[in-house]
Amino acid sequence: MPGPSASPSPGTPRRDTRGIVDASGLLTRVRFRRHAPAEPLRPYLEHYWLIDWDLTEPYVTHVVPHPSVNVVFQDLPGHEPFGEVAGIGLGLFSKELAGRGRVCGVQFRPGGFRPFAPGRAVADLTGREMPLGEVFGCGLAEGGERADAAGLDDAVHAVLGPDDEHARVAALDAFLLRHGPAPDPQADLAMELADRIRADRTVRRVGDLAREAGLSVRALQRLFAAYVGVGPKWVVLRYRIHEALERAESAAAVDWADLAAGLGYADQAHLVRDFTATVGVPPTAYAPR
């Protein structure tokens, strides 16, 4: 039974592949790297993620999304470079990679995006992909001037243009520092509680988490809607599926009944049902891939 999915220290990118379906298949086809952000951004971000590919045949990648907002800059064949804000995906995310392309992304900690767009509840973004300007277009740019479309276009090209990945990271830092973060104790609380769910497998009931936080269940749900984008129960279930997916990716034989018990499921059937609904196939069918 794997240990709990401990949260990385701020500024330390994760090294696991949790959430990536057929991670080995993806990593043989693309260059995938993670980088730490600038120091002032580290309390709010998981990491930056950079992907470059040059494929002779298309490949479809699948990801079981984390409970995180992502800002994604993309340079895809046949398209002008663009940036968008991707709210939490509720289902399996699939994307075809073809030809030669580049993506530079920002994965925020659960609860960490709101300080960069304080006027919008994060639940408004859930299940949606929005142009960068619709979320950041009204923010303040450096020197107090309003950000405009030209400024956002410049940011897109600054992030995607350089071949040097450290220059791309510096451009991501510059973009985010122009837009925040605005200090917010409620964001700090949301990040703390989401981290507790990720790191502590004994956190299984929303009522227990609310009581430990000194909140009513309703207040906890409102906090997660405003700052995380999904409810606390959804976060609990998603981290369970991530751990089950990682176990299924391993070469070792899996005792699914034991894993279900360790993840807090009432029985193996409940784990199989959630896994199948999220990934598209039952764990026993997925494991041999």
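The values are calculated or read from the model by the stated rules, or taken from the named source; none is laboratory data. This one's a predicted model, so the numbers in the text were calculated from it and none came from an experiment. Neighbour counts run over all protein chains shown; Cβ positions are idealised from the backbone, glycine included. The accessibility values were calculated without ligands, DNA or RNA, using every heavy atom of the protein model including side chains. Shrake-Rupley method; radii C 1.70, N 1.55, O 1.52, S 1.80 Å.
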Q | Of all residues making up the range 63-90, the number that are within 19 Å of residue 227 (Cα to Cα) and in a loop (DSSP other than H, G, I, E, B) | A | 9
**Q.** Of all residues in the range 70-94 being within 22 Å of residue 246 (Cβ to Cβ), small (Gly, Ala, Ser) and surrounded by fewer than 17 Cβ atoms within 10 Å (Cβ to Cβ), the one that is modelled with the highest pLDDT
**A.** 94
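Residue-by-condition table, conditions (1) open to solvent by less than 60 Å² (accessible area, probe 1.4 Å); (2) acidic (Asp, Glu); (3) in contact with a Lys or Arg (Cβ under 6 Å, 6 or more places away or on another chain); (4) modelled with pLDDT of 90 or more:
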position	(1), (2), (3), (4)
188	no, yes, no, yes
192	no, yes, no, yes
206	yes, no, yes, yes
215	yes, no, no, yes
220	yes, no, no, yes
230	yes, no, no, yes
236	yes, no, no, yes
249	no, yes, no, no
256	yes, no, no, no
Q) Restricting to the range 203-239, what's the tally of residues that are assigned to a loop (DSSP other than H, G, I, E, B), in contact (Cβ under 8 Å) with a residue 24 or more places away in the chain and closer than 19 Å to residue 265 by Cβ? A) 3
Q) Checking residue 246 against (1) in contact with a helix residue (DSSP H, G or I) (Cβ under 7 Å, 6 or more places away or on another chain); (2) part of a helix (DSSP H, G or I); (3) touching a residue at least 60 places away in the same chain (Cβ under 8 Å), which single condition isn't satisfied? A) (1)
Q: Name, by its number, the condition in (1) open to solvent by 10 Å² or more (accessible area, probe 1.4 Å); (2) out of contact with any strand residue (DSSP E or B) (no Cβ under 9 Å at 6 or more places or on another chain); (3) under 22 Å from residue 244 (Cβ atoms) that does not hold for residue 67.
A: (1)
Q: Give just the number: which of (1) within 20 Å of residue 108 (Cα to Cα); (2) of a type outside the set (Val, Ile, Thr); (3) in contact (Cβ under 8 Å) with a residue 24 or more places away in the chain; (4) part of a helix (DSSP H, G or I) does residue 183 not satisfy?
A: (4)
Q: Quick one: in the range 1-46, of everything that is in a helix (DSSP H, G or I) and modelled with pLDDT of 95 or more, which residue is most open to solvent (accessible area, probe 1.4 Å)?
A: 39
(Q) If I go through the range 266-276 residue by residue, how many of them are of a type in the set (A, V, I, L, M, F, W, C) and either open to solvent by 50 Å² or more (accessible area, probe 1.4 Å) or not in a helix (DSSP H, G or I) (or both)? (A) 2
Q: For residue 102, indicate whether it is open to solvent by 10 Å² or more (accessible area, probe 1.4 Å), of a type in the set (D, E, K, R), in contact (Cβ under 8 Å) with a residue 40 or more places away in the chain and not in a loop (DSSP other than H, G, I, E, B).
A: yes
Q) Taking residue 263 and the conditions (1) open to solvent by less than 10 Å² (accessible area, probe 1.4 Å); (2) in contact with a Phe, Trp or Tyr (Cβ under 7 Å, 6 or more places away or on another chain); (3) of a type outside the set (Phe, Trp, Tyr); (4) at pLDDT below 90, which numbered condition does it fall short on, given that it satisfies the others? A) (2)
